[in-house]
Structure formats: C-alpha cells, structure tokens
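Q: Below: one structure in structure tokens.
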Amino acid sequence: MTAMSLVRNKRDRGLIACLALALLAFGGTTAQADDGYRLWLRYDSLPAPLIRAYRERVTSVVVTGNSATLDNIRTELVNGFTGLLGAPVPLSSDADRDGVVVVGTPKSSTLIAGLRWEAQLARLGPEGFRIRSLKLRGHSLTVIASNGEVGALYGAFHFLRLLQTQQPINALDAIQKPRLQLRMLDHWDNLDGTIERGYAGRSLWNWSALPGTIDPRLRDYARANASIGINGSLLNNVNANAQILTANYLRKVAAIADVFRPFGVRVFLSPRFSAPMELGGLKTADPLDAEVAMWWRKKADEIFKLIPDFGGFVVKANSEGQPGPRTYDRNHVDGANMMAAALAPHNGIVIWRAFVYDMKPGYDRAGAAYENLQPFDGKFAPNVLLQVKNGPIDFQPREPFHPLFGAMPKTQVMPEFQITQEYLGFSNHLVFLAPMWRDVLDADTYAKGPGSTVARVADGSLFKQRLTGVAGVANTGSDRNWTGHDFLQANWYAFGRLAWNPDLPSRQIAGEWIKMTLTHDAKATETIARIMLGSREALVDYMTPLGLHHLMWGGHHYGPAPWWNTFARDDWNPTYYHKADTNGIGFDRTKSGTNTVNQYFLPVRNRFSDLKTCPDKFLLWFHHVPWDYRMRSGRILWDEMAFRYQRGVDWTRQTRKAWDALSGVIDAQRHAEVAHRLMIQERDAVWWKDASLTYFQTFSKRPLPFGVQKPERTLEDYKRIDLLDDLARGKSTFDENH
Ligand code: GCW
C-alpha cells in the first residue's frame, strides 16, 4: 500500500500526457511554451490597440547620471517598454518631445531638480516616489522621481506594472511610500546547499563558487525583489551554522551584497549564539561576559568593513535546541541587547525571534512565546525588533493571530509569515496565501480599543514604533521557475506587495499577478482569480477544518497523521493538539483548560472563550467540543467536520476542471505543469479527508453523513503510508512510481 496507489493515478497521468501533447501540437497559436523563469516580469507585447495608446505616452527614456542603480533603471525600462510595446523604445538625453519618460532623483536629474518637488520627495523618503504626467516646455512627459535612486527604481517598476496590468497612464499623479521599513525574505538555507523547509530545489547561493563566480541568477533574484519592494534578504538558516561568520564566508556574503545593493536589497545573517566559542575559542558565550561582548563587537566591525550597508542579525535563540542566553542563565533581553550593542555603532539591527517554547508538563505551546517574551516589554534596545510568527503555534493553515501582537507596546514588533509551505502541501498544492496574511493583518487586537489591527501594530502607527518591518520565509530555490509550482510565485509576489502596503486587498494582488504572469484574457483572469481566492479556505477544509491544527505527519509535515503520538516531546505530536476522545475533540484553551485565551485583550478574549461567539474557524482551537454539538449550520460537529473535508476535496476536483478548460489560454508548458500538480493536490486532499475521518471516526463512532464519500482504505492502511523515503531523497513531489 503506497501513497500513489491511493489514487487512480494511471488514468490521471495518461490524461495529462494527452493534454500536454495536444497543447504542444495546437498551443502555438495562442501561447508559447514558457518555463516560468521570468516570473511576473515577462514584458510580452500587449494587444495592438493598447500599444497604440501607450506609444503616445512612451517614446523614449531619459535617465541621466551614473550609478549601478540608474543603470538598472535604464535597462529595465528599455527592455520593459520594448517588450510590452513590441518595438524598440530608445534612451535619449533630452526631454525634447512628447512621450518622454524621465526618471531619477533631484541629484541625478536637473529636470527633476527644476520641478521643485523637494519638500514632497523628502516626505516620501528614499524609497518612496512620485509619478506625474506633466507638460514641460510644450511637451507631454511622465516624470518618475524619488529622493533616493532605489525609490526611483521602485517607481520605474510601478510604472511598468501599470502597463503590464493595462491601466491608463495619460493623467498620472501618484505618490507611494512603503508602509513598513524592513521588507525581508528569510532564507532558511544551509551552507551545504539544502534548504530547511524548501520545496523548490536547492539554495540559490552557491557558496563553493563564491566569491569568484557570481551566478547571474543572483541578479535576477535581486531584481525580482526590487520589483515588489523587498529590501532585505536573510541568507542563512536561523538554525545557524557558526561558519557563516568566518572571514572566508563573509567574503562570499560581501560578493552577494555587491550584487544585491544596486537593487536596494541589503543582506542579513543569522549568527549562531555560541559562535564566540566555536569560532573564537572562548570558554563561554554568556552574553554578560565582557570577552564575549568584545568578540561580537569585533565581529560586527569586521562585517561592516566588508559590507558597509549590512542589515544585521536575525537570531533564533533557545528554541528547538539552539543555544541562547538562557543556556547561561541569562534572559532574552541580555542576549538581544548584547548583540544590539555590537551592531549599533554601524546602524545594524537585531531581529530577535519570539518563536520560543519549552516543554513543561500540562503546558500549552500556544501560550509559550507570550509567557517567555511579554514580561520583557520595554527592555529591548532601540535597534532590536522582536519577530513574531503570525500565529501562536507554527505557520499552520489557520491560526488565530499571535497574542503578542498588541501586547508589547514598548517593543518594536514585526510579523513573520511563512511563504514556503511547510504545513500547506509543500510546492505541490496551489494555495494563494494573501488571504491568510490579510486575515492576520486585519485582525483586531483591541490593544488600544477597536481598530488596533495587527497591520497597525506592524506599521508602527499604533504604538509609535520607530523601526518597522515584516519577514517572509522564502519559497524560492534553484528550480527553473523559482518556486516549484508556477502558482506559488504569486505568494512571493503577494508578500512583497503586502509588505509595501499591508492594506492591499487580496483580489487586487491576485489580479495584478495574473495579468503580469499568466494572461490578459478577461474570462480566464476571472476563473484564475476565483481559484486563487478560494484556495486557502479549501486547503483548510481538506487538512485542518474548524480550528484543528498540527495534524501533519511528524518531521516532514506533509501528509495527514492525526494518530501520531510517538515523539518524546508531547507538543510535537498531533494527538496533543486535537485531543480527540469519545466525548469530543479540540484543545480547551479557556478557563476550564489551559486558559491561554487569557492572553488576548477584551473583548477578543471573551469572543474566543464563549462557545456561542467563538467563530467556527477557531472552534477546536479554543474548545473541546462534543461530537453531537449543534453547529451554526444546524449540523452536529461530526457531520460538519466531515462535510468540510468533503468540501475541500470537491474544490480540488472543480479546480482541475476549471484549469483544464483554460488549456488554450495558458502556454502549454505551464498549463501542463500546473495540471500535474493539481492532480497531486486532489490525491492529497482525498488522502487527508479519508485518513482524518477514518481516524476520528474511531472516537466519534458515528456514520459519515450523506454526501461525504466513504474512504477506500482502512485506518491501518493510512498509517502505513510513509513518505519519508521520498522526502529524504529531496524530491519536491512524490515519486510517480512509489
Ligand atoms: O516551523 C518550524 C520548522 C523548523 C523551523 C522553525 C523555526 C527553522 O519546523 O524547521 O526552523 O519552525 O521557525 O525556527
């Protein structure tokens, strides 16, 4: 009994092969094959009527001045316009005719200096920009200006996006400024080229070839980030190897930083807390030891000498076996502030992770970070940010917002999202994550009364936070299309867009991405947007409905294993999280249980605590509920759960059909790739539903309600499926012949 034999795989594989062949034969008329490498920066030519309209407004590009960033702007605009408008758009030196696009800063461009926009540009900062259509000396121009060259680059990408998404450009008057200062991708990349929780190939950093050989792909990575405003990149795993701080590796890091700099991306590193012992030969890494502090100061000096704009450290300490200050009976503030003091003279920062939990008898992991960190509010140095995961457990398909948001008014807090899909079907499942992040950003903490949303905590407006930021654990890798599944490029894109403006609606982000990446066909765009916007709820339905969480196979976290109870650490076992018994199911976090619901402000606390007001989506997160409990839908809990699992499966089937119908619209290569992964997604959804319901049924002892398909296997069969072999071999999809 194997995973693949769970589905009618042969028939499905045959179907997809036929489809791919048919598309290869006939697809040439509609769309060329595409390997996805170009992401959302494709610049294929627009429809003829639009080209005619845009050409009046885009006749040449004027970017004066010399710098690597200005070079990037020139290249991007010339390539972009030429591609989109189907004929060369040249560079010129003067704005002496209609349709010239002028880009730069008051320093780089005398034309821009002459506009006297200083006051406004100053308010927008070095990354903000203004775009205006105006008349100058009788000519119609478009001016893209910023106080900083990177801001001008962001403006150039913004303007290109207007064309890519077919917006009007003749009467522009737009200003934009990023709402969050640090917009970071965190790479959990190991020095041996593997990526922890990475599902799209190997690390993009080729450490053994650096610094001598620079993979051109590094530039493309930085460029893609700049196009969506991402300005920071943590290069190594937070489960850190001390070697990254050796002189040898720092030279390699500096070479990467040189490539990223002209795109406005600064590098960060994750230091191992015990590095003074491992690299410096000290007897301790005690943060209050003078020699230790001195070692870090010298290390910081060394780094900044090589990389003057180095961002700083991201630290995982005393978490999941990592060393930290508590190893020496010190606390998190002692550790963070010691490192902050080393970086402060160079304007570097420390991002201290709040992902800290210990195991005590009868303890609730969901309350751990709050218990560990909240008492230190107001104690962290001014160049420290506390990085808090979106939810209190660990990047589950659905969690309520983390109770630390709003609870540390005197601490600079930044959210951490996971773009890579550790718990969400790896790179095999199509799930658009913007709606999930929106849920968290829009969640009202009530920390200062109504309207105290997580977005307002993050952007600093709620507590006048000086440094702000957001991090996303990257889903990129060496796969040709960067993210394994073509659709998961949308999550990289969405992360950048939300980091720039945490109020952007998911629908808008999806719409932009589809038009830039897949198609302009109106009907197809609508279908694809519908798929993307419904995908997260569907995944929650077929994996962990009604507030269930952490039911994944131990270790690799791919398939269902709600029965799993063999880890020595209780809180790594799914049984710890669902607590199913013959009476019911769910984790009681109210007064009658662990009472960690108490960490939320009123009235959120009461809303979650009361069974009557707790939203269905969080029901089993906060409550242990009897199987025959009457739900809002009128169904009893068991039936509702089964119904939701089925609904998730149904979605995957409908989605496959809808995608198949787009075969003439999307290029053959990406269409077939996506179709293949949707087949896997359906297979997995069925597997999740059947394994979970079969297992939970041993407690509920109730029949499946009408309309829910019967599982084909026994519980013992489901328990025997073991994917460890495939995953250990580094495959991002199952072996077809497993
Ligand atoms: O989600 C868990 C992952 C670990 C990860 C950890 C963390 C980098 O299973 O692989 O380690 O979170 O965020 O530190």
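Q: State, to one decimal in nm, how far the label point of residue 611 lies from the label point of residue 194, with both points 7 Å from Cα in the Cβ direction.
A: 4.6
Q: Taking chymotrypsin sites (Phe, Trp or Tyr not before Pro) as exposed when DSSP calls them loop (any state but H, G, I, E, B) and at most 14 other Cβ atoms lie within 10 Å, what is the longest stretch of the chain free of them, the sites themselves excluded?
A: It runs 38-566.
Q: Of 658, 363, 105, whose Cα points farthest to the positive end of the dipole of the chain (charges on the beta-carbon: +1 Lys, Arg; -1 Asp, Glu; origin at the Cα centre)?
A: Toward the positive end, the furthest listed residue is 105.
Q: Quick one: how many Å² of residue 359 are accessible to a 1.4 Å probe, rounded to 10?
A: Taking all protein chains as shown, residue 359 has close to 80 Å².
Q: If you don't mind, another one. Name the long-range amide H neighbours of residue 387: under 5 Å, sequence gap of 5 or more, or other chain; modelled H, no Pro or chain starts.
A: Here 352, 353, 354, 414 satisfy the definition.
Q: Roughly how many Å is it from the Cα centre of the stretch 213-286 to that of the stretch 523-548, as a whole number?
A: A separation of 35 Å, based on Cα centres.
Q: When only Cα pairs under 8 Å and 6 or more residues apart are kept, what is the percent relative contact order across the chain?
A: In percent, rounded to a whole number, it is 13.
Q: Positive end of the dipole of the chain, charges at C-beta (+1 Lys, Arg; -1 Asp, Glu), about the Cα centre: which of 595, 554, 485 has its Cα farthest in that direction?
A: So the residue we want is 595.
Q: Please work out the Cα center distance from the stretch 378-403 to the stretch 443-464, rounded to the nearest Å.
A: Measuring centre to centre over Cα atoms gives 14 Å.
Q: Can I ask one more? Assign unit charges at the C-beta atoms only (+1 for Lys and Arg, -1 for Asp and Glu), then state the dipole size of the stretch 544-683 relative to its Cα centre in Debye, rounded to the nearest 20.
A: Rounded to the nearest 20 debye, it is 320 debye.
Q: How high is the relative contact order of the stretch 419-515, in percent, counting Cα pairs under 8 Å that sit 6 or more residues apart?
A: Worked out over the stretch 419-515, it gives 32 percent.
Q: Less than 16 Å apart at the alpha-carbon level, and either on another chain or at least 8 residues along: which aspartates and glutamates does that give for residue 360?
A: Leaving aside aspartates and glutamates fewer than 8 places away in the same chain, those within reach of residue 360 are 320, 371, 570, 571.
Q: Need one number: convex hull volume per residue for the stretch 262-303, Cα atoms only, in Å³.
A: Taking the convex hull of the Cα positions in the stretch 262-303, it is 82 Å³ per residue.
Q: Further, regarding this structure: Only four residue types carry charge here, +1 at the Cβ of Lys and Arg and -1 at the Cβ of Asp and Glu. Report the dipole size of the stretch 451-595 about the Cα centre in Debye, rounded to the nearest 20.
A: Rounded to the nearest 20 debye, it is 420 debye.
Q: Nearest 500 deg cm²/dmol is fine: what mean residue ellipticity at 222 nm does the chain get from its DSSP H runs of n ≥ 4 alone, each adding -39,500 (n - 2.57), divided by its residue count?
A: One gets -12000 deg cm²/dmol as the mean residue ellipticity at 222 nm.
Q: For residue 136 and residue 243, calculate 0.36 nm times their separation in residues minus their Cα-Cα distance, and state this gained length in nm to one decimal.
A: Gain on extension, residue 136 to residue 243, equals 32.9 nm.
Q: Moving on. Rule-of-thumb check for the stretch 417-462: C-alpha Rg over 2.2 N^0.38 Å?
A: Compactness ratio reported: 1.45.
Q: Could you tell me the largest-minus-smallest coordinate of the C-alpha atoms of the chain on each of the three principal axes, in descending order and whole angstroms?
A: Projected onto the principal axes, the Cα atoms of the chain cover 81, 71, 52 Å.
Q: Among rounded, prolate and oblate, which fits the stretch 217-366 when a ≥ b ≥ c are the square roots of the eigenvalues of its C-alpha gyration tensor, a/c under 1.5 means rounded, and a/b larger than b/c means prolate?
A: Taking the square roots of the gyration eigenvalues as a ≥ b ≥ c, the stretch 217-366 is oblate.
Q: Amide H neighbours of residue 102 under 5 Å, at least 5 residues apart or on other chains, H built in the peptide plane: list them.
A: Amide H neighbours of residue 102, under 5 Å, 5+ apart: 62, 142, 143, 144.
Q: Could you work out the relative contact order of the stretch 115-260, using alpha carbon pairs under 8 angstrom and six or more residues apart, expressed as a whole percent?
A: The value is 21 percent.
Q: Loop sites only, by DSSP: take the GluC sites (Glu not before Pro) in the chain that have at most 15 other C-beta atoms within 10 Å and name the longest stretch containing none of them.
A: Longest gap between qualifying sites, sites excluded: 321-711.
Q: Quick check for me: using +1 on Lys/Arg Cβ and -1 on Asp/Glu Cβ, what's the dipole size of the chain about its Cα centre, in debye to the nearest 20?
A: I would put it at about 1300 debye.
Q: If r is the Cβ-Cβ distance from residue 258 to residue 565 and R0 is 45 Å, what FRET efficiency results, to the nearest 0.05?
A: Calculated value: 0.35.
Q: For labels at residue 122 and residue 306 in the simple 7 Å Cα→Cβ model, what's the distance in nm?
A: Result for the modelled spin labels: 3.9 nm.
Q: Return the lysines within reach of residue 464: Cα separation strictly under 24 angstrom, same-chain partners fewer than 8 residues apart disregarded; answer none if there are no such residues.
A: Of all the lysines, those that pass the test against residue 464 - Cα under 24 Å, at least 8 places apart if same chain - are 177, 379, 389, 410, 448.
Q: Check every DSSP H run in the chain and write down those whose alpha carbon atoms cover 24 angstrom or more along the long axis and whose mean Kyte-Doolittle hydropathy is 0.5 or greater.
A: Correct list, ordered by number: 9-26.
Q: Shifting gears a bit: Among 496, 534, 518, which residue has its Cα positioned farthest towards the positive end of the charge dipole of the stretch 449-551, with +1 placed on the Cβ of Lys and Arg, -1 on the Cβ of Asp and Glu, and the dipole taken about the Cα centre?
A: So the residue furthest toward the plus end is 496.
Q: Can you work out the Karplus-derived ³J(HN,Hα) for every residue in the stretch 181-189? Use 6.51 cos²θ - 1.76 cosθ + 1.60 with θ = phi - 60°, whole Hz, and x for glycine or proline.
A: Per residue, the Karplus-derived 3J(HN,Hα) values read 7, 9, 10, 10, 9, 9, 9, 8, 8 Hz.
Q: If the convex hull of the alpha-carbon atoms of the stretch 520-600 is projected onto planes in all directions, what is the mean projected area in square nanometres?
A: Averaged projected area of the stretch 520-600's Cα convex hull equals 8.6 nm².
Q: Quick check for you: with a 1.4 Å probe and neighbouring chains kept, what is the accessible area per residue of the chain, in Å²?
A: Per residue, the chain has an accessible area of 36 Å².
The values are calculated or read from the model by the stated rules, or taken from the named source; none is laboratory data. Please read all numbers here as calculations on a predicted model, not as lab measurements. All Cβ positions, glycine included, derive from the backbone under ideal geometry; neighbour counts span all protein chains shown. Heads up: the accessible areas ignore ligands, DNA and RNA and are worked out on the full protein's heavy atoms, side chains in. Shrake-Rupley method; radii C 1.70, N 1.55, O 1.52, S 1.80 Å.
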